[in-house]
Amino acid sequence: MTRLELLTVLLSIKALLESDNKDKALELINEVIAEAKRKDTTSSG
C-alpha cells in the first residue's frame, strides 16, 4: 500500500468515525486488515 493509499484509507476511517458511523469504519478497518494479510501471505511464499 502506498503512502497515498494509506492516507486515503485513514482519512476515510476518520470521517466515518467523526460522523458516528462506527460500523462502517470497523468494516473498512477489517477489509484493510484482510487485504494486508492476503498480500503478506502471497509475498512470503
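The values are calculated or read from the model by the stated rules, or taken from the named source; none is laboratory data. As the structure is a prediction and not an experimental result, all values here were calculated from the model. Just the protein is used for accessible areas: all its heavy atoms, side chains included, with ligands, DNA and RNA removed. Shrake-Rupley method; radii C 1.70, N 1.55, O 1.52, S 1.80 Å.
Filtered by the rule that a residue be open to solvent by less than 90 Å² (accessible area, probe 1.4 Å) and more than 13 Å from the chain's Cα centre (by Cα), region 18-42 gives SER19, ASN21. Among the residues of region 11-45, those that are assigned to a helix (DSSP H, G or I) and of a type in the set (Asp, Glu) comprise GLU18, ASP23, GLU27, GLU31, GLU35, ASP40.
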